[in-house]
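Where a number appears in this text, it was derived from the coordinates with a stated rule and is not lab data. Bear in mind the structure is a predicted one, so any value in this text is a computation, not a measurement. Every residue, glycine as well, gets a Cβ built from its backbone with ideal geometry; the counts of neighbours run over all protein chains shown.
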Amino acid sequence: MKWYKKVLSQYTDFKGRSRRQEFWMFVLFNFIFAFIAAAIDNILGLAYNDNGTGPISLIYGLAVLIPGLAVAVRRLHDIGKSGIRFG
């Protein structure tokens, strides 16, 4: 859980490095929380018919979009790749 909090606290930091454990713990907790958000949507009857998610899942997804991109770019820096280059 501390890795998840660390990623969220560094949500605008696209420089530096992110170790493997930090990245994968964020992915794990992000998956768990997204599953819980989708379950809450379904329990409350807020889920959209086509995919089973709803507004709570959408808000959570938008909230972790930038931190997820930042940790992915930092992970690319750690393995010697550029997270900024396009093409």
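One table, with the values for the structure above:
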item	result
One residue from PHE14, PHE26, PHE35, PHE31 being assigned to a loop (DSSP other than H, G, I, E, B), within 18 Å of the chain's Cα centre (by Cα) and among the hydrophobic types (A, V, I, L, M, F, W, C)	PHE14
Per-region count, segment 41-69, residues in contact with a helix residue (DSSP H, G or I) (Cβ under 8 Å, 6 or more places away or on another chain) and either surrounded by 15 or more Cβ atoms within 10 Å (Cβ to Cβ) or in contact (Cβ under 8 Å) with a residue 24 or more places away in the chain (or both)	11
Pairs where the first residue, in segment 22-35, is within 14 Å of TRP3 (Cα to Cα) and the second is of a type in the set (D, E, K, R), C-beta under 7 Å, 6+ apart	GLU22/LYS6; PHE23/ARG75
Yes/no for ALA63 being of a type in the set (Gly, Ala, Ser) and within 17 Å of the chain's Cα centre (by Cα)	yes
Qualifying residue in segment 61-72 (condition: on the phi < 0 side of the Ramachandran plot, hydrophobic (A, V, I, L, M, F, W, C) and not in a helix (DSSP H, G or I))	yes
Scope segment 8-33; condition farther than 18 Å from ASP78 by Cα, out of contact with any helix residue (DSSP H, G or I) (no Cβ under 6 Å at 6 or more places or on another chain) and surrounded by 15 or more Cβ atoms within 10 Å (Cβ to Cβ); matching residues	ASN30, PHE33
